[in-house]
Amino acid sequence: MTMPKPVDPVPAATMLLLRDAPEFQVLMVKRHHQIDFASGALVFPGGKPSAGDEALEWANHCEGWSTFDDTQRTLRIAAIREAYEEAGILLGDYRDGGAFEDTCDLESRKAVERGEREFLDVVREAGVHLRLDRLSNFARWITPTFMHKRFDTHFFVVRAPERQIAACDGYETVDAEWLSPHKALEMEASGKRTIIFPTRLNLQLLAKSASAADCVAQAETRDIVTVLPEIIQRDGKNVLTIPEDAGYGPAYEIVG
């Protein structure tokens with residue numbers, strides 16, 4: 001029997017926003033139950049790049065533009081846009097170096113999400129530059145080959161603006177909360193929250209850090225290994241595993 005050819009993964013970007021008050025925490029959002037991917041689960045803000053994320057005009061509205069290639073620019077802009085849409089956090093600075101700390105308008109966020117307004121116009125009107133140079137590579141995961149929908153997801157980590165208030169969009173996300181990695185893992189273990197395999201392992205990796213600065217420093221020095229989970233048979237059960245050199249230690253999940 002000929003196995004069907006795996007679906008090509010679609011590029012995606014995910015943002016891990018960190019803060020240290022009142023403790024080391026990461027921003028997580030709860031997916032709407034009607035969303036077809038990870039419905040009802042706690043996730044980090046993220047999604048696929050849009051056509052507008054590739055616009056060359058971004059060169060005049062980004063810090064660190066020349067540091068990255070076209071792929072990394074697009075992914076980083078997508079990550080920042082998704083955090084804006086899903087959580088109301090805009091990672092940008094004014095020309096004088098001061099951080100953007102205003103509340104992000106919900107209707108504007110929804111318009112960007114629906115494709116009715118360009119994110120570039122939002123940034124231009126706010127008079128800020130996106131800080132592409134502040135995002136550090138944290139992880140890269142590719143959806144297993146047996147899945148019908150596949151993503152090649154780049155995880156970025158960054159310290160969140162201190163005074164911006166996170167708020168869900170009410171469409172893709174129905175809740176936004178700051179959680180310590182340990183607390184999020186405890187909630188998942190007790191059944192209070194649903195967390196999918198890649199998110200859980202990245203929370204475990206986050207939990208090894210003592211602060212936002214420590215987490216970013218570790219990410220900057222860690223070799224990023226692309227993780228492609230696969231199914232193996234173990235004791236008559238289907239087990240989802242990842243490569244042992246991926247930096248997560250022994251990790252598996254029984255599926256099916």
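What to note about this one:
- Phi to ³J(HN,Hα) by Karplus 6.51 cos²θ - 1.76 cosθ + 1.60 over segment 16-23, Hz, x for Gly, Pro: 9, 8, 10, 8, 10, 10, x, 7
- Protein-only accessible surface at a 1.4 angstrom probe places the residues Trp65, Trp58 in the order Trp65, Trp58, largest first.
- Nearby aspartates and glutamates by direct alpha-carbon distance to Lys149 (threshold 20 angstrom, same-chain neighbours under 8 apart not counted): Asp8, Asp36, Glu82, Glu172, Glu230, Glu253
- Percent accessible area from carbon and sulfur atoms, the chain, protein chains only, probe 1.4 Å: 50 percent
- Folded to 0 to 90 degrees: helix 212-221 orientation relative to the chain principal axis, Cα: 70 degrees
- Counting every C-alpha pair in segment 147-243, the share spaced more than 21 angstrom apart comes to 51%.
- MRE, 222 nm, helices only [DSSP H, n ≥ 4, -39500 (n - 2.57), over the chain, to nearest 500]: -7500 deg cm²/dmol
- Only protein heavy atoms count here; under a 1.4 Å probe, Glu220 has an accessible surface of about 120 Å².
- In the chain, a dipole from Cβ-located charges (positive for Lys and Arg, negative for Asp and Glu) runs towards its positive end, and of Tyr248, Gln72, Leu56 it is Tyr248 whose Cα lies farthest in that direction.
- Normalised per residue, the volume of the convex hull around the Cα set of the chain (Å³): 145 Å³
- Set of lysines near Lys192 by C-alpha distance (under 19 Å), chain-local residues within fewer than 8 positions excluded: Lys30, Lys183
- Over segment 86-148, equivalent-ellipsoid semi-axes from the Cα gyration tensor in Å: 27, 19, 10
- If the convex hull is drawn through the Cα atoms of segment 1-145, its volume per residue in Å³: 157 Å³
- Think of a 1.4 Å ball rolled over the protein heavy atoms: the chain then has 51 Å² of accessible area per residue.
The values are calculated or read from the model by the stated rules, or taken from the named source; none is laboratory data. Every value quoted in this text rests on a predicted model; they were computed, and no experiment measured them. Please note: Cβ atoms are built from the backbone with ideal geometry, for glycine as well, and neighbour counts cover all protein chains shown. Only protein heavy atoms, including side chains, enter the accessible area calculation; ligands, DNA and RNA are left aside. Shrake-Rupley method; radii C 1.70, N 1.55, O 1.52, S 1.80 Å.
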